[in-house]
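The values are calculated or read from the model by the stated rules, or taken from the named source; none is laboratory data. Bear in mind that the values here come from a model prediction, so they are computed numbers and not experimental data. Quick reminder, even Gly has a Cβ in these numbers, built from the backbone with ideal geometry, and neighbours come from all protein chains shown.
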Amino acid sequence: MLRSALMFAGVLSLSACASAHALQSSVDIETASKIYQEAAMREQVRASLGTMPAHMRQLFSADNVAQLSDEQLNAVTEAAKRGFRIDVFEAPALNALAANLDDATVKKAEAFLESDLGRRMVAADVATSVLEEPVIDKIMNGELIAPSTPQRDALFDKLEHAARSTESTVQIFLSMGQAVAIGTAVGAGRDTASIADSARKSGESSRINLEKNMREPLRRYLAYSYRDMTDADLKHLLSFLESMTGKRYVAAYIASLGAGFDAMGRRCGEQLGESLRELAQAQADMPVAGPPPIAAPSPDPVK
């Protein structure tokens, strides 16, 4: 269940600082595209999308309130296929990245990404993100671990906390779930304000448990992804992450991810709302089921 959110955890390992830093300027799309490509964002996000239809179906199937029929669940699967696509993600993601970067940050971030450590970091992120789902699950659950020492464990703990990767991953989960709920309301012609408020409240109530469940799996993911890095490499990475440039860079990156996943969630919801309305019209005796009363999947990292 973690795969759909955590397959892009490699991106989040560097980009998951949730505390935004107000940037005084922006850059053009061409400049943002260079950062996007150098960080291999497309490859990592794309790796998370293939499993989204199945996970969205699982999410709606678990809803005991809506009780969707098989026909409606098929509509969920198809809506997710049409919504969670890289072409839906990229335009809003690039716009957000450009709006939240400045020239000074771009210059220093590019220098890091083009360095030997930066290139190895990105390669490691991509390599882990494209693993098969059973392997990802084993990493998250602690069944597949990299050799470590107490010193390395401490470094990864600092890296996870400095990056605030758990908090940011959860925020994307919740934002994506809210986008699906709102999109469904739009597609079905429902009151979006009340749906948005309900989804937001539901998401906030689940935030603490989500963070608790995801922190350790994310630390394991980082440790496995960067298993070939030396302790000195990890210290250098942590130093960049904690620098002003690193903080501004990751704030822009997380804004980019949020915008892209929000767009995909909303597209999925709109497609689903339209499909449910069409099914209701075709079968007048079948009520249109609303979105599930939760704002985002509740991952269970232990299987």
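Restricting attention to the range 114-151, and to residues there that are farther than 21 Å from residue 233 by Cα and among the acidic types (Asp, Glu), which single residue is surrounded by the fewest Cβ atoms within 10 Å (Cβ to Cβ)? Only one residue tops the list, namely 132. Any residue at all in the range 66-78 that's among the polar types (S, T, N, Q), touching a residue at least 40 places away in the same chain (Cβ under 8 Å) and within 15 Å of residue 225 (Cβ to Cβ)? For the range 66-78, residues among the polar types (S, T, N, Q), touching a residue at least 40 places away in the same chain (Cβ under 8 Å) and within 15 Å of residue 225 (Cβ to Cβ): absent.
Taken together, 259, 232 contain a single residue that is over 19 Å from residue 169 (Cβ atoms) and modelled with pLDDT of 90 or more, which is 232.
Filtering the range 63-104 to residues that are part of a helix (DSSP H, G or I) and among the acidic types (Asp, Glu) leaves 70, 71, 78, 87, 90, 103. Looking for something within 23 Å of residue 165 (Cβ to Cβ), modelled with pLDDT under 75 and exposed (fewer than 15 other Cβ atoms within 10 Å of the Cβ) - is there at least one such residue anywhere in the range 22-39? Checked against the condition, which is being within 23 Å of residue 165 (Cβ to Cβ), modelled with pLDDT under 75 and exposed (fewer than 15 other Cβ atoms within 10 Å of the Cβ), the range 22-39 yields at least one hit. Test residue 117 against the stated conditions and say whether it is at pLDDT below 95 and either aromatic (Phe, Trp, Tyr) or part of a helix (DSSP H, G or I) (or both). In short, no. Annotation: of all residues in the range 147-169 being modelled with pLDDT of 80 or more and hydrophobic (A, V, I, L, M, F, W, C), the one that is nearest to residue 225 (Cα to Cα) is 156. There is no residue in the range 100-121 that is free of Cβ contacts under 8 Å to residues at least 40 places away in the same chain and more than 25 Å from residue 34 (Cβ to Cβ). Close Cβ contacts (under 6 Å, 6 or more residues apart or on different chains) running from residues in the range 141-164 that are in a loop (DSSP other than H, G, I, E, B) to residues that are surrounded by 15 or more Cβ atoms within 10 Å (Cβ to Cβ) and of a type outside the set (Gly, Ala, Ser) comprise 142/220; 144/138; 146/224; 164/17. Exactly one residue out of 216, 204, 270, 274 is part of a helix (DSSP H, G or I), among the acidic types (Asp, Glu), surrounded by fewer than 16 Cβ atoms within 10 Å (Cβ to Cβ) and out of contact with any Phe, Trp or Tyr (no Cβ under 6 Å at 6 or more places or on another chain), and it is 204.
Is it the case, given these coordinates, that residue 163 is buried (at least 22 other Cβ atoms within 10 Å of the Cβ), over 26 Å from residue 127 (Cα atoms) and not polar (S, T, N, Q)? Considered against the rule, which asks whether it is buried (at least 22 other Cβ atoms within 10 Å of the Cβ), over 26 Å from residue 127 (Cα atoms) and not polar (S, T, N, Q), residue 163 comes out as no.
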